[in-house]
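Read the structure below first, then the notes.
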Amino acid sequence: MKKQVHLRKVTAEESAELRRLAGARKESIRMVQRARILVTLLDDPEISASEAALRAGFCTPGAGPLWVRRFNAEGLAGLQDRPRSGRKPTHGAQVRGALIDLALQKPRSLGYPFELWILERLQCAFEERQGTHLSDSTIWTWLAEEGLEWKRQQSWFRDVDQHDAEFVEKRGPSSRPMSCHPHGRA
C-alpha cells in the first residue's frame with residue numbers, strides 16, 4: 001500500500017497566493033488546477049491528495065500526490081512547469097497571451113462584421129493585428145490548454161438580403177408529405 005502524502009504547514013502568504021491562483025482567470029489552467037488541489041487540502045485536510053486532484057479536475061488521481069510533493073519541497077515555485085526536452089517553442093508567452101486575449105473578445109466589438117470566431121477568422125485577425133501567422137494546430141492547442149473549447153454553431157436562418165425567393169421552385173417537391181400533426185396523423 002502506498003504511503004499517503006500530506007500537505008506541509010502552509011504560511012499565510014502561501015495560502016493567500018494559492019487561493020488567488022485557484023480562482024485566477026488570467027493564469028494558465030494548469031496552474032489553476034494545481035493550486036486547486038492544494039486549496040482543497042487546506043479547506044478539508046481529511047481528504048486524500050488523490051481525491052483533491054479529482055475534485056480539481058484532473059483525470060487521474062496520481063496528479064494529487066505529485067503536486068503536493070512538489071509544493072512541499074519547493075513551495076509555490078514547485079507548481080510551475082519545468083523545462084521539457086524537445087524543440088523549443090516557436091512562439092513565446094507574449095504571442096500566446098495575445099491570441100488568448102483576442103479569442104476572448106467579441107469580434108463585432110473589434111470592428112469585424114461577424115459575431116463569432118471560427119478558426120480561420122481568428123487566425124486571419126491575429127495575423128492582421130500581430131503580424132504573426134499561427135498554424136491551425138497551434139491555435140487549437142493553445143485554446144484547449146486554456147480551457148477554451150470551440151462550440152458548434154448550427155442555424156438554418158438567413159439574413160433577409162440572403163434569402164432566395166425562388167428557393168421552393170429550385171428545390172422541387174419534398175420527398176416526404178408535410179403534416180401539421182406530430183407523427184404524420186391527420
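The values are calculated or read from the model by the stated rules, or taken from the named source; none is laboratory data. What you are looking at is a predicted structure, and each value in this text was computed from that prediction instead of being measured. Cβ atoms come from the backbone with ideal geometry, glycine included; neighbour counts cover every protein chain shown. Areas reflect the complete protein model, heavy atoms only, side chains present, ligands, DNA and RNA absent. Shrake-Rupley method; radii C 1.70, N 1.55, O 1.52, S 1.80 Å.
List the number of the failed condition for Gln105; all other conditions in (1) at pLDDT below 90; (2) within 27 Å of His133 (Cα to Cα) hold. Every condition holds for Gln105 apart from (1).
Would you check if Phe71 is in contact (Cβ under 8 Å) with a residue 60 or more places away in the chain, open to solvent by less than 90 Å² (accessible area, probe 1.4 Å) and not hydroxyl-bearing (Ser, Thr, Tyr)? When the stated conditions are applied, Phe71 passes them. Please enumerate the residues belonging to region 56-65 that are under 18 Å from the mean Cα position of the chain (by Cα) and surrounded by 14 or more Cβ atoms within 10 Å (Cβ to Cβ). Scanning region 56-65 gives Ala56, Phe58.
Considering region 74-90, and only residues there that are modelled with pLDDT under 90 and surrounded by 10 or more Cβ atoms within 10 Å (Cβ to Cβ), the residue that is farthest from Leu122 (Cα to Cα) turns out to be Pro89. Applying the set (1) at pLDDT below 90; (2) touching a Phe, Trp or Tyr at 6+ places or on another chain (Cβ under 9 Å) to Gln4 leaves exactly one unmet item: (2). Residue check: Ala93 meets all listed conditions (1) at pLDDT 95 or above; (2) open to solvent by 50 Å² or more (accessible area, probe 1.4 Å); (3) small (Gly, Ala, Ser); (4) closer than 27 Å to Trp150 by Cα but one, namely (1). Restricting attention to region 12-26, the residues that are surrounded by 15 or more Cβ atoms within 10 Å (Cβ to Cβ) and not aliphatic (A, V, I, L, M) add up to 3.
Scoring Thr40 on the criteria (1) farther than 24 Å from Glu13 by Cβ; (2) open to solvent by 20 Å² or more (accessible area, probe 1.4 Å) leaves a single failure, condition (1). Close Cβ contacts (under 6 Å, 6 or more residues apart or on different chains) running from residues in region 127-144 that are under 23 Å from Lys26 (Cα atoms) to residues that are of a type outside the set (D, E, K, R) and assigned to a loop (DSSP other than H, G, I, E, B) comprise Glu127/His133.
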